[in-house]
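Notes for the one structure printed next.
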Amino acid sequence: MTRSRIAVCPGSFDPVHNGHLDIIERCRPLFDEVVVAVLENEEKKPLFSVAERLEMIREQLAPFPDCHAESFSGLLVHFMERVGATAIVRGLRAVADFEYEFQMALMNRRLNPHVETVFMMPREDYSYLSSRLVKEVFFLGGTVDGLVPEPVIDRLVERRDLRAREEEEK
Ligand code: PNS
């Protein structure tokens, strides 16, 4: 019996955007199972909690029975051993991503020589997209329509309204 090919798509996903979803969809035909792995990085003060980030991703993965999302802390390679994954899938947007991704890929391979990193190019329309820019543009009053799923926009609006109420109460 052949072993199933399991890939992880790791990231902060604060929040998930259409570039992430494009990469997840692109890697589905290459693997039997895709695990979207959300890093627990509360010390970096993310906008959304891990539970919220997972919820937003899970809403988008609902139509895909071969994909699910989990959170992880500690080393990615240890998480991969737990879920039986041998491939890391990362989106490569521009030359600027290369150095960071190259370092991570080689470090992960050093930590576990059986792990391979697969880089995929997102759709051109999303090649400049990042969660950081989505948040910056949104909170400065720009539109992020078409860059993140609708439920993510709803949550950004909720967060903005909450911030405004907190400011008023100060
Ligand atoms: O979306 P991001 O923030 O670029 O994702 C970075 C991520 C989560 C892939 C990376 O920080 C990670 O794998 N962190 C887990 C800790 C780890 O394994 N570090 C050693 C590998 S270089």
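The values are calculated or read from the model by the stated rules, or taken from the named source; none is laboratory data. Here the structure is a predicted model, which is why all the values come from computation and not from measurement. Positions of Cβ are generated from backbone atoms using ideal geometry, with glycine treated the same way; all protein chains shown enter the neighbour counts. Heads up: the accessible areas ignore ligands, DNA and RNA and are worked out on the full protein's heavy atoms, side chains in. Shrake-Rupley method; radii C 1.70, N 1.55, O 1.52, S 1.80 Å.
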Review point. At a Förster distance of 30 Å, what's the computed FRET efficiency of Thr117 paired with Phe139, Cβ-Cβ distance as r, to 0.05?
Key: 0.40
Revision key, fill the gap. Largest fluctuation, Glu25, Glu43, Glu158 only, Gaussian network model of the chain with Cα springs under 10 angstrom, belongs to Glu43
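Expressed as a whole percentage, what fraction of the accessible surface of the chain belongs to carbon and sulfur atoms when a 1.4 Å probe is rolled over the protein heavy atoms?
Numbers: 5380 of 10050 Å².
With neighbouring chains kept in place, the figure for the chain is 53 percent.
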Review point. According to the square roots a ≥ b ≥ c of the eigenvalues of the Cα gyration tensor, what is the shape class of the stretch 1-88, taking rounded for a/c under 1.5, prolate for a/b larger than b/c otherwise, and oblate for the remainder?
Key: oblate
**Study point:** Summed side-chain charge close to Asn41 - residues other than Asn41 whose Cβ falls under 12 Å, Lys, Arg +1, Asp, Glu -1
**Key:** -1
Review point. How much accessible area does Ile88 have with a 1.4 Å probe, in Å² rounded to the nearest 10?
Key: 0
Check your understanding: What is the distance, in nm, between label points placed 7 Å from the Cα along the Cα-to-Cβ direction at Ser4 and at Asp161?
Key -> 4.0
**Study point:** In sequence order, calculated HN-Hα J values of the stretch 129-136 (Karplus, 6.51, -1.76, 1.60; Hz; x Gly/Pro)
**Key:** 7, 8, 4, 4, 5, 4, 5, 4
Study note, to complete from the structure: For the stretch 24-30, Karplus-derived ³J(HN,Hα) couplings (6.51, -1.76, 1.60; θ = phi - 60°; whole Hz; x for glycine and proline) come out as 4, 5, 5, 8, 3, x, 8
**Study point:** Backbone HN-Hα couplings from phi across the stretch 57-72 [Karplus 6.51/-1.76/1.60, Hz, Gly and Pro as x]
**Key:** 5, 4, 4, 6, 8, 3, x, 10, x, 8, 10, 8, 10, 9, 9, 8
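Suppose all protein chains stay in the model; what accessible area per residue would a 1.4 Å probe give for the stretch 1-121, in Å²? Let's see the in-between values first.
Numbers: 6670 Å² over 121 residues.
About 55 Å² of surface per residue is accessible.
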Exercise for review: Sketch the reach of a paramagnetic label on Asp97 as a point 7 Å from Cα along Cα-to-Cβ, and name the residues of the stretch 24-44 whose backbone nitrogen lies under 19 Å away.
Suggested key: 24-31, 34-39
Exercise for review: Please work out whether the stretch 120-163 counts as rounded, prolate or oblate from its C-alpha gyration tensor, where a ≥ b ≥ c are the square roots of the eigenvalues and a/c under 1.5 means rounded, while otherwise a/b larger than b/c means prolate and anything else oblate?
Suggested key: prolate
Check your understanding: How would Phe31, Phe119, Phe102 rank on accessible area, largest to smallest, probe 1.4 Å?
Key -> Phe102, Phe119, Phe31
Practice item. Give the long-range amide H neighbours of Leu92: residues separated by 5 or more places, or on another chain, with amide H under 5 Å away, using H modelled in the peptide plane at 1.01 Å from N. Key: Met120, Met121
